[in-house]
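Below you'll find the structure, written out as structure tokens, and then a few comments.
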Amino acid sequence: MSRVYNFSAGPAVLPLSVLEQAQAEMLDYQGTGMSVMEMSHRSAAYMAIIAEAEALVRELMGVPTNYKVLFQQGGATGQFTMVPMNLLTDRSQKAAYVHTGSWSKKAMSEAKKQCDNVVMVASSEASNFNYIPDQGDWQPFADAAYLHVTNNNTIFGTEYHWTPESGDVPLVGDMSSNILSRPVDVSKYGIIYAGAQKNLGPSGVTLVIVREDLLGRRSNLPVMLDYKVQAESESMHNTPPTYAIYILGLVLKWVKAQGGVAGMEAQNIAKAALLYKAIDEMAFYSCPTQVESRSRMNVPFILSDDRLNESFLSEAKKADLVTLKGHRSVGGMRASLYNAMPLAGVEALVAFMGDFAKRHG
Ligand SMILES: Cc1ncc(COP(=O)(O)O)c(C=O)c1O
């Protein structure tokens, strides 16, 4: 078996022990004589899997009892629709967004289909989204039905290292690319959502944490898009993405064994510090993001000569360091350092970068 260090932005690296456990349980899950994939979602064995996954989300994130934990389909993109659909009672209500990159743009564009009053309270577009605007510079939004932020900007490599103050306005956080990477005060949010395929497991399941008083603001929504229906049926209104939830549960157990989110955070700080230090110290590389907004999860970096990008990628691949190509909106490289990326992977990348700079710089 040969494994590489996979710096993909998502779907992304999973803990090896999780994959091994899934492999060991593939043909006969705990004496049931079948794979989790083949199991009825209403069977006792499966009900235990989903209940345990929910309990672990609650435990690891400290989810207060007045919040529902849902496992949805449709990805984080589905939440771009569900949030306005469930929280706005009429099209003229204000929906406030902080614009920090491609994902907030997509979130706003979906909201506009539900709402005639989508307002951008702040934007970092003028500097190609290389920072998170200070809350002191935001437009007022106290009359909005909700405030939406993208807690980590996967493409541009910026992250909120603070929680926005939203007063009585429900705060909605897209945590797709930094969930479980650091402690979060869930009680500050009305809704938290995250596609699973970065820090939680495989694609196909989306974690949604929603405060109970936000359920049922609208009636007669399509059942699959109604938080209330989903909450009342405990994510089992129809067949949930059973195998993805099973893997998510294994990932949560792994996170717990790492010391929970506090343990993950310590590892993530160390990994990100190592890579940013290397980028800052070597004149050959630069990082386009402002220091105080730098993401611990997605690290974009630019080579001093763009013409070397292809050699960098092909030589990195030979060293088993893969999926480092930057997103086209930023260029250069991007290393995603999700929870499951071991420190050894970052050390190998930094050593390779030093060697490449020496040979080509
Ligand atoms: C921050 C963020 N939000 C939303 C999405 C869209 O997620 P999905 O593909 O699950 O719809 C992504 C995907 O990379 C993302 O990084």
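Against the criterion of being in contact with a Ser or Thr (Cβ under 9 Å, 6 or more places away or on another chain) and open to solvent by 10 Å² or more (accessible area, probe 1.4 Å), residue 329 qualifies.
Which one of these is away from the ligand (no atom under 11 Å from the Cβ), open to solvent by less than 10 Å² (accessible area, probe 1.4 Å) and under 18 Å from residue 76 (Cα atoms): 205, 172? Quick ask: steps written out before the conclusion?
Values: 205 fails: away from the ligand (no atom under 11 Å from the Cβ).
The match here is 172.
Just checking, does the range 16-29 include any residue being of a type in the set (A, V, I, L, M, F, W, C), modelled with pLDDT of 95 or more and closer than 26 Å to residue 107 by Cα? Checked the range 16-29: no residue is of a type in the set (A, V, I, L, M, F, W, C), modelled with pLDDT of 95 or more and closer than 26 Å to residue 107 by Cα.
Does the range 274-284 include one or more residues that are under 27 Å from residue 17 (Cβ atoms), of a type outside the set (Lys, Arg) and outside any helix (DSSP H, G or I)?
Kept after step one, since they are under 27 Å from residue 17 (Cβ atoms), are these residues of the range 274-284: 274-275.
Narrowing further to those that are of a type outside the set (Lys, Arg): 274-275.
Then drop every residue that is not outside any helix (DSSP H, G or I), which leaves none.
Looking for residues that are under 27 Å from residue 17 (Cβ atoms), of a type outside the set (Lys, Arg) and outside any helix (DSSP H, G or I), one finds none in the range 274-284, hence no.
Entry remark, the range 102-142: residues being within 16 Å of the ligand (Cβ to nearest atom), hydrophobic (A, V, I, L, M, F, W, C) and under 15 Å from residue 158 (Cβ atoms) number 3 in total.
Return the residue satisfying two criteria in turn: it lies in the range 1-37 and is part of a loop (DSSP other than H, G, I, E, B) and under 12 Å from residue 250 (Cα atoms), and of such residues it is nearest to the ligand (Cβ to nearest atom). Outline the logic, then answer.
Taking the range 1-37 as the starting set, the residues that turn out to be part of a loop (DSSP other than H, G, I, E, B) are 1-4, 7-15, 25-28, 32-35.
Then keep just the ones that are under 12 Å from residue 250 (Cα atoms); that gives 14-15, 25.
On the way: 14: 16, 15: 20, 25: 26 Å.
Taking the candidates together, the pick is 14.
In the range 66-101, which residues are within 16 Å of the ligand (Cβ to nearest atom), in a helix (DSSP H, G or I) and surrounded by 22 or more Cβ atoms within 10 Å (Cβ to Cβ)? Selection gives 76, 79, 80, 82, 83, 84.
The values are calculated or read from the model by the stated rules, or taken from the named source; none is laboratory data. The structure presented is a predicted model; accordingly, all values stated were derived computationally and were not measured. Cβ atoms come from the backbone with ideal geometry, glycine included; neighbour counts cover every protein chain shown. Ligands, DNA and RNA are excluded from the accessible area calculation, which covers all protein heavy atoms including side chains. Shrake-Rupley method; radii C 1.70, N 1.55, O 1.52, S 1.80 Å.
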